[in-house]
Amino acid sequence: MRKRQTRPNVVVFFTDQQRFDTTGVHGNPLDLTPNFDRMATRGTHIANSFTCQPVCGPARSCLQSGLYPTQTGCFINHVGLPLDVKTLAHHFNGAGYSTGYIGKWHLGNGGQAVIPEEQGGYQYWLAANAVEICSDSYKTILYDENGNEVRLPGYRVDALTDAAIRYIDQHQEEPFFLFLSFLEPHHQNHIDDYPPPTGYRERYTGRWTPPDLQALGGSSGQHLGGYYGMVKRLDEALGRLLDSLQSLDILDDTIVMFTSDHGCHFKTRNDEYKRSCHESSIRVPTAFQGPGFNGKGWMNELVSLIDLPPTLLDAAGIRVPESMQGRSLMPILRGESQEWRDDVFIQISESQVGRAIRTRRWKYGVNAPDKDARKDPGSEVYEEQYLYDLLADPYELNNLVGLPVYDRVSEVLGERLIRRMTEAGEQAPVIKRVPARDSSMLEHRFRVVTEADALS
């Protein structure tokens, strides 16, 4: 019997562009994610988990640094993480861990082979800056720490998982931190398709469509079968990884975190797949298992991706830097505190210079139409764009902004949004209210909204 470690291993299982409702615990009926569902049941399910930036590079900068993208400068894709920014790897290195990174990075400045200085401090490296550019579903190409090309056999999800299992096997005698970053279920850019393993598309095409996509369509009729097939293979990979930990007798010594960088709205909210404040873009599946997390059940607090780095450090017994802008979940899970904020803050770039706040009931978003979405990190002036009542309209089909009956809701949420922006290090902006819409034909449909409603 292996002697238990005093420090837990940590594995991050990170998917790309995965909607929360692909999982069984969030109501998907297709049995795509039995391993994730079991992990969420055995460990801790973050039932209300949101990205703070629904685009690849910025979200990854948050997860590596614990800082909002406007603080690191990584508020759009193709901006390298500044070399003076400390990553999770630096903190785990300092605590005596072996650290490894496998898969998609998207935080380098140059080509697909990331130079050593831009590898975020990870000791072991097998990755590419943008896997969707240098590889294909059955042609996996990564690069080692010296920039040498490494070709891996098999479907790309399997190829990365095989590499991760080899890393775990080779480092099982020491505490390790492994960040396993998949491209799937992100689309393959050059063909604008979601290529699953052979035979998987046919399993799921036409089977089940989420209500927002039933109403809005987009590209879901073309793409959903392949997307679901990719999700299924990812879950099988999660099962294989957990099996490897069990076979090495280190499962109970290892924290595993599953999450995604953002969701996918299938061209229903703009002309691509993400970069909007809607639930389909920002809400993601997240669960933990292992020391400190097993048996904790469903956590219903509103949790942001910015909260995950301090949580991982805290769970591993590593001091959380004061510079990190999120909060560790561990005090709540340990029963030391019940205090938690009641909203999450989202920054949006590339499609718009936008900001949004999401409470348990409301979604309120603003836009700066005069700014360049690929150059300007923020604005001094925003205009109201969205207001959704998630209690009455969970699929965000009815924009209430400008309806007089909701004036007080918009006013309160605007104040809350400005407060969250300043807490994130931004300047306090002016939010212009939209002109009142004629609601004479609509107001009878809405009940009176009280001050308490606006604060919920």
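Where a number appears in this text, it was derived from the coordinates with a stated rule and is not lab data. Every value quoted in this text rests on a predicted model; they were computed, and no experiment measured them. Note: ideal-geometry Cβ built from the backbone for every residue, glycine included; neighbour counts use all protein chains shown.
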_What number does the range 259-405 give for Rg over Rh if you use C-alpha atoms and the Kirkwood radius?_
1.01
*What residues qualify as long-range amide H neighbours of Glu383, i.e. H under 5 Å apart, gap of 5 or more or another chain, H built at 1.01 Å from N?*
Asn367, Ala368, Lys432
*Protection proxy ranking, peptides 35-44, 141-150, 281-290, average beta carbon neighbours within 10 Å, highest first*: 281-290, 35-44, 141-150
*Extreme residue, positive dipole direction of the chain, given options Ala59, Thr254, Val320 (C-beta unit charges)*: Thr254
_Peptide ranges 126-139, 71-84 listed from the most packed, as the mean C-beta count within 10 angstrom indicates_ = 126-139, 71-84
*Thr99's amide H: which non-local residues (gap 5+, or another chain) put their own amide H closer than 5 Å, with H modeled 1.01 Å from N in plane and none for Pro or chain starts?*
Gln123, Tyr124, Phe177
*Dipole magnitude (debye, nearest 20) for the range 299-433, charges at Cβ of Lys, Arg, Asp, Glu*: 100 debye
*asked:* Number of Lys pairs in the chain with C-alpha atoms less than 23 angstrom apart, excluding same-chain neighbours closer than eight positions?
replied: 17
*Per residue, how big is the convex hull around the C-alpha atoms of the range 281-347? Give it to me in cubic angstrom, could you?*
100 Å³
*Please report the relative contact order for the chain, taking Cα pairs under 8 Å with a sequence separation of at least 6, and give it as a percent rounded to a whole number.*
20 percent
*Select from His26, Trp105, Ile76 the residue farthest towards the positive end of the dipole of the range 1-135; place +1 on Cβ of Lys and Arg, -1 on Cβ of Asp and Glu, and compute about the Cα centre.*
His26
*Report the one residue of Tyr143, Gln385, His171 whose Cα lies farthest in the direction of the positive end of the charge dipole of the chain (charges on C-beta: Lys and Arg +1, Asp and Glu -1; origin at the Cα centre).*
His171
*So, in Å, what gap is there between the alpha-carbon centers of the range 150-207 and the range 8-58?*
15 Å
*Using amide H atoms built 1.01 Å from N in the peptide plane, name the residues 5+ places from Gly263, or on other chains, whose amide H lies under 5 Å from its own.*
Ile282, Arg283
*Mind ordering 236-243, 168-175 by average Cβ neighbours within 10 Å, highest first?*
236-243, 168-175
*Once the convex hull of the C-alpha atoms of the range 159-295 is built, how many Å³ does it hold per residue, rounded to a whole number?*
139 Å³
*Which whole-Hz ³J(HN,Hα) couplings does the range 73-80 yield from phi under the Karplus relation 6.51 cos²θ - 1.76 cosθ + 1.60, θ = phi - 60°, glycine and proline marked x?*
x, 8, 8, 9, 5, 6, 10, x
*Relative to the compact globular guide of 2.2 N^0.38 Å, what is the alpha carbon radius of gyration of the range 68-121, as a ratio?*
1.16
*DSSP beta bridges in the chain, what fraction antiparallel, as a percent rounded to 5?*
50 percent
*So what does log10 I(q)/I(0) come out to for the chain at q = 0.09 Å⁻¹, using the Debye formula with one equal point on every Cα and no solvent?*
-0.56
